[in-house]
Structures are given as C-alpha cells and as structure tokens.
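Here's the structure we're looking at; comments come further down.
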Amino acid sequence: MTNRYVYGVMNDDPVEFETDAVGGADRVYTVSHRRLNAVVSDIDTTSPEETDEDAQRHDDVLREIMERDGGRAIVPMQFGMAFESDRALKNVLRGARPAFRRALNDVEGRIELGLKIVREEDADVDDDAVEEAVADELESIAAQSVPNDLFSDRLVLNRSYLVEREDREAFDDAVAELEEQYDDLMFRYTGPFAPYSFVDVKIGAQQ
C-alpha cells in the first residue's frame with residue numbers, strides 16, 4: 001500500500017499510533033512539510049470507496065487526534081483524499097500552506113458541536129421564536145455558528161457551533177436549559193466533531 005490517505009492537517013508535533021485505519025491499514029502517522037503535519041495512513045488506491053466502516057474509521061482517527069495531549073487542533077479533510085506519494089502530498093501542503101495556517105488558527109482550542117431541534121408530529125411550533133430563543137442562549141457562548149440543511153419539514157433548527165474547549169460545559173448547560181423549556185420538541189445534540197463546518201481549504205484534485 002504505497003499511497004497516502006489523508007485525514008487532516010495539524011501544526012503540532014508529529015504523531016504515530018496503531019489503530020484500525022481506512023482501507024485496512026493498521027497504522028496512522030504524519031507526513032511533514034515545514035511546520036505542517038498531514039495525518040495519514042497507507043492505502044492501495046487513490047480513489048477509496050466510502051463504506052460506512054471506513055467513514056467511521058476516518059472520523060475515529062480525527063477524534064483520536066483531537067483528544068491527544070489535552071486537545072490538538074486539526075483541519076479535517078473530507079473522506080477520500082489520497083495521494084500517490086509523500087512528494088505529491090508535500091507539494092499540496094506547500095501550495096496550500098497559507099490557507100492551512102489560517103484555518104488552524106481559526107480552530108485552535110475549539111471543537112464543533114451540532115444541534116438539531118425536531119418538532120413532534122402535528123405540534124404547533126413557532127419556528128422563529130424557537131430560533132430566537134436558541135440564538136439568545138447559544139450564540140454568546142459559541143465562537144461561530146453556521147446553519148445546516150433543514151432536510152425534513154419537522155426540523156425546526158439544524159446548526160453547527162464552533163465552541164472553545166473551555167466553554168464546552170457552559171454550552172452543554174445552555175442546551176440542557178433549552179431542552180427543559182420545550183416539551184414538544186426533540187433536541188439532538190451531538191459532538192464533539194472535527195470542525196468540518198468551519199474550514200474550507202481546497203487542496204486540489206487527488207494526486
């Protein structure tokens with residue numbers, strides 16, 4: 001397996017550890033260019049198929065990185081980014097270095113949390129009032145937030161929040177208080193995740 005599958009990019013010290021990785025690999029390590037470290041594993045293709053199992057492995061590796069050494073910042077890659085060689089990957093890191101540096105600065109010390117609010121069947125809910133109440137409680141705690149697709153007509157709110165690690169408990173408490181206020185709404189509070197919703201680094205086609 002000579003290709004490099006990329007999970008994300010960080011600027012902390014290099015890592016190496018054994019785990020169940022994408023495509024049947026059992027080791028994750030870093031390929032470095034200057035102060036950027038791409039977190040990779042070996043893979044036998046540059047076009048991996050996104051199975052449920054491998055998608056979970058991708059997320060698990062990112063979570064492992066985020067939890068190491070008291071919390072590391074990483075710019076996550078979407079599933080499927082693979083390169084033919086270290087050289088090809090380093091060329092991409094070199095070209096996108098300013099964008100990665102900016103993105104790492106934006107997510108340093110922060111995690112992504114998700115909140116979906118779903119109305120019960122036939123519940124009479126003032127969506128605007130709920131959105132305003134949520135904003136009043138959560139926006140002052142979060143560093144940033146972005147809306148996500150309302151893919152169901154029962155979804156009142158679907159939003160991702162970028163939260164300082166040290167503010168996680170306060171954010172948890174605020175969500176819990178909101179949940180107590182609305183008996184006819186279901187709160188689906190998830191995370192922490194790698195900050196997919198708050199980075200947008202384009203590193204070109206697979207090499």
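The values are calculated or read from the model by the stated rules, or taken from the named source; none is laboratory data. Model, not experiment: these values are computed from the prediction. Using ideal geometry, Cβ is built from the backbone for each residue, glycine included, and neighbour counts are taken over all protein chains shown. We work out accessible area using only protein heavy atoms, side chains counted, and drop any ligands, DNA or RNA first. Shrake-Rupley method; radii C 1.70, N 1.55, O 1.52, S 1.80 Å.
Hey, among 111, 117, 141, which residue is closer than 27 Å to residue 69 by Cβ, over 18 Å from the mean Cα position of the chain (by Cα), modelled with pLDDT of 90 or more and outside any helix (DSSP H, G or I)? Outline the logic, then answer.
Details: 111 fails: over 18 Å from the mean Cα position of the chain (by Cα); 117 fails: closer than 27 Å to residue 69 by Cβ.
None of the others qualify; the one that does is 141.
Which one of these is over 22 Å from the mean Cα position of the chain (by Cα) and assigned to a strand (DSSP E or B): 163, 146, 156?
Details: 163 fails: over 22 Å from the mean Cα position of the chain (by Cα); 146 fails: over 22 Å from the mean Cα position of the chain (by Cα).
156 is the lone residue from the list that is over 22 Å from the mean Cα position of the chain (by Cα) and assigned to a strand (DSSP E or B).
For residues that are within 18 Å of residue 105 (Cβ to Cβ) and more than 11 Å from the chain's Cα centre (by Cα), scanning just segment 64-79, find the one that is surrounded by the most Cβ atoms within 10 Å (Cβ to Cβ).
By that ranking, first place goes to 65.
Take segment 1-11 and flag every residue that is open to solvent by 50 Å² or more (accessible area, probe 1.4 Å) and closer than 24 Å to residue 73 by Cβ. I'd like the intermediate steps shown before the answer.
So in segment 1-11, the residues open to solvent by 50 Å² or more (accessible area, probe 1.4 Å) come out as 1-2.
Within segment 1-11, no residue meets the criteria.
Quick one: in segment 41-63, which of the residues that are acidic (Asp, Glu) and more than 21 Å from residue 84 (Cα to Cα) is nearest to the chain's Cα centre (by Cα)? Break it down stepwise before answering.
The initial filter retains those residues of segment 41-63 that are acidic (Asp, Glu), namely 42, 44, 49-50, 52-54, 59-60.
Now restrict to residues that are more than 21 Å from residue 84 (Cα to Cα): 52-53, 59-60.
Details: 52: 17, 53: 17, 59: 8, 60: 11 Å.
Filtering first and then ranking leaves 59.
Residues that are out of contact with any Ser or Thr (no Cβ under 7 Å at 6 or more places or on another chain) and open to solvent by 50 Å² or more (accessible area, probe 1.4 Å): find the strands (runs of 3 or more DSSP E) completely inside segment 12-63 holding 3 or more of those. I'd like the intermediate steps shown before the answer.
Details: elements: 16-18, 27-33, 36-43.
Those strands (runs of 3 or more DSSP E) do not exist here; none qualify.
Take segment 121-138 and flag every residue that is within 25 Å of the chain's Cα centre (by Cα) and surrounded by 13 or more Cβ atoms within 10 Å (Cβ to Cβ). Spell out how you get there, then give the answer.
Step one: of segment 121-138, the residues within 25 Å of the chain's Cα centre (by Cα) are 131, 134-138.
Answer for segment 121-138, where residues must be within 25 Å of the chain's Cα centre (by Cα) and surrounded by 13 or more Cβ atoms within 10 Å (Cβ to Cβ): 131, 134, 135, 137, 138.
So in segment 106-120, with the set limited to residues that are under 14 Å from residue 200 (Cβ atoms) and not β-branched (Val, Ile, Thr), which one is most open to solvent (accessible area, probe 1.4 Å)? Break it down into steps so the answer makes sense when it comes.
Initially, segment 106-120 is screened for residues under 14 Å from residue 200 (Cβ atoms), giving 106-107, 112.
In the following step, the residues that additionally are not β-branched (Val, Ile, Thr) were identified as 106, 112.
Details: 106: 67, 112: 13 Å².
Filtering first and then ranking leaves 106.
For segment 143-194, give me the residue count where each residue is farther than 10 Å from residue 115 by Cβ, touching a helix residue (DSSP H, G or I) at 6+ places or on another chain (Cβ under 8 Å), open to solvent by 60 Å² or more (accessible area, probe 1.4 Å) and not charged (D, E, K, R).
The number of residues fulfilling the criteria is 3.
Exactly one condition in (1) closer than 25 Å to residue 166 by Cα; (2) at pLDDT 90 or above is false for residue 72; which is it?
Going through the list (1) closer than 25 Å to residue 166 by Cα; (2) at pLDDT 90 or above, residue 72 breaks only (2).
Does at least one position in segment 83-98 carry a residue that is in a helix (DSSP H, G or I) and touching a Gly at 6+ places or on another chain (Cβ under 8 Å)?
To start, the set of residues in segment 83-98 that are in a helix (DSSP H, G or I) comprises 86-95, 97-98.
Adding the requirement that they be touching a Gly at 6+ places or on another chain (Cβ under 8 Å) leaves 92, 95.
The answer is yes, given that some residue of segment 83-98 is in a helix (DSSP H, G or I) and touching a Gly at 6+ places or on another chain (Cβ under 8 Å).
Criterion first (open to solvent by 10 Å² or more (accessible area, probe 1.4 Å) and at pLDDT 90 or above) does residue 82 satisfy it? Before the answer, list the steps.
Working: open to solvent by 10 Å² or more (accessible area, probe 1.4 Å): no; at pLDDT 90 or above: yes.
Taking the combined requirement at face value, the residue does not satisfy it.
Only one of these is among the aromatic types (Phe, Trp, Tyr) and touching a Lys or Arg at 6+ places or on another chain (Cβ under 6 Å): 17, 83, 79. Name it.
Being among the aromatic types (Phe, Trp, Tyr) and touching a Lys or Arg at 6+ places or on another chain (Cβ under 6 Å) holds for just one of 17, 83, 79, which is 83.
Under 8 Å between Cβ atoms, at least 6 apart or on separate chains: pull out the pairs that start in segment 76-88 with a residue that is under 15 Å from residue 51 (Cα atoms) and without any contact (Cβ under 8 Å) to a residue 60 or more places away in the chain and end on any residue that is open to solvent by 40 Å² or more (accessible area, probe 1.4 Å) and acidic (Asp, Glu).
These pairs meet every condition: 79/50.
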